[in-house]
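Quick notes on the structure that follows.
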Amino acid sequence: MPNGTIPVGIAPSSAATWNAEPGDTAPMTDLVDRLRAAGCVFAEEEAALLLESDGDLEELVTRRCAGEPLEHLLGWAEFAGLRVAVAPGVFVPRKRTELMARETVALRPRLLVELCCGAAAVTAAVEAALPEVRTWVADIDRAAVDVARRNVRGRVLISDLDAALPAELRGRVDVIACNAPYVPTDEVAHLPPEARQHEPRRALDGGSDGLDVIRRAAARAGLWLRPGGSLIVETSTAQAPAAAAAFYAAGLRPRIVSDRTGTVVLGLSTAEIAEPPREVARS
Ligand SMILES: C[S@@+](CC[C@H](N)C(=O)[O-])C[C@H]1O[C@@H](n2cnc3c(N)ncnc32)[C@H](O)[C@@H]1O
């Protein structure tokens, strides 16, 4: 398993070791109170995690109370049962994106490309589930690429979408996973401050209807996918039909999959498109 990707196994009992004297719970209580006053909903859990992290505790708590994402302070995010390395300035992998990882694993790719990879959490999860998979990941942002290198075994590129992929991959890729930015430009201002102030705008803003990068990815996918290969992207529920239409226009047979946490659109690369887009609901 690559550096920075270790199984999650948090032992909150370590919180007790921070107390000044055995049985003295006042420092822990103080820490929880400060986090709660700053608006942290899961103050106890966050306090335990900050206590077990390596950094200067007072500095970490001050930064957390000022609104920095917990994951940036810890240096990792939990994703699909893994601890995936993250860093300030890099998009924090979201729980809802585990659906993309599960759907990708279900396709059992032997060759996977992840575009707009960020920390490459999806590829890390697929590599953990499918030890034989060969992977290429790419992002336009240098900070993201540096973190992705810590999370995956495969090749890591800095690239505007597929621009830097080697020609040898053309027509051979089983799955392209691409969790691109998909927030409509006008809605970026309404995102929680943790995202707006601490994640790059380029990781969030997907253009006027949020689908600019997804449309570009759909238009490029046919070049890289083998016949029967799939592109998979994440969208909001409301955006999924428009993304499916873009897939259809790009020659991919679309399928929408939703569960309680998220929505993905899959597009099958095939010469024949016989069916219109359909929706699949997963519990
Ligand atoms: C919403 S974040 C998702 C990151 C990661 N896929 C995940 O699920 O955690 C979108 C990512 O796309 C990258 N990005 C935006 N535009 C891009 C482009 N034209 N080419 C490559 N990467 C891009 C951003 O740098 C950011 O890391």
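Just to be sure I understand the model, the point goes 7 Å from the Cα along the line to the Cβ. What's the resulting residue 132 to residue 270 distance in nm? The answer from the label model is 2.5 nm.
Extension gain for the segment residue 219 to residue 41, taken as residue separation times 0.36 nm less the Cα-Cα distance, is 59.9 nm to one decimal.
Less than 5 angstrom separates the built amide H of residue 270 from those of 228, 253, all sequence-distant by 5 or more or on a different chain.
Report, to the nearest 10°, how far helix 142-151 tilts away from the longest principal axis of the Cα atoms in the chain, using its own Cα long axis and a range of 0 to 90°. Taking Cα atoms only, the helix is inclined about 80 degrees.
Against the chain, whose longest principal axis comes from its Cα atoms, helix 240-249 is set at around 30 degrees. Phi angles across the range 256-269 convert, under the Karplus curve 6.51 cos²θ - 1.76 cosθ + 1.60 with θ = phi - 60°, into 3J(HN,Hα) values of 9, 10, 10, 9, 5, 9, x, 9, 10, 10, 10, x, 8, 7 Hz, Gly and Pro given as x.
Note on the chain: helix-only mean residue ellipticity at 222 nm, from DSSP H runs of 4+ residues weighted -39500 (n - 2.57) and normalised by residue number, equals -9500 deg cm²/dmol. Expressed as an acute angle from 0 to 90° and rounded to the nearest 10, what is the orientation of the C-alpha long axis of helix 43-52 relative to the principal long axis of the chain? Value to nearest ten degrees: 80.
When +1 charges are put on Lys and Arg Cβ atoms and -1 charges on Asp and Glu Cβ atoms, the dipole computed for the range 32-146 relative to its Cα centre reaches about 560 debye. In the calculated pair-distance distribution of the chain, the portion above 35 angstrom amounts to 21 percent of the Cα-Cα pairs. Put the Cα centre of the range 111-180 next to the Cα centre of the range 23-70 and the gap is 34 Å.
All of the numbers you see were taken from the coordinates with simple rules; none came from a lab. As the structure is a computational prediction, the values presented were derived from the model and not from experiment. Don't worry about glycine lacking a Cβ; one is built from the backbone with ideal geometry, like all the others, and counts go over all protein chains shown.
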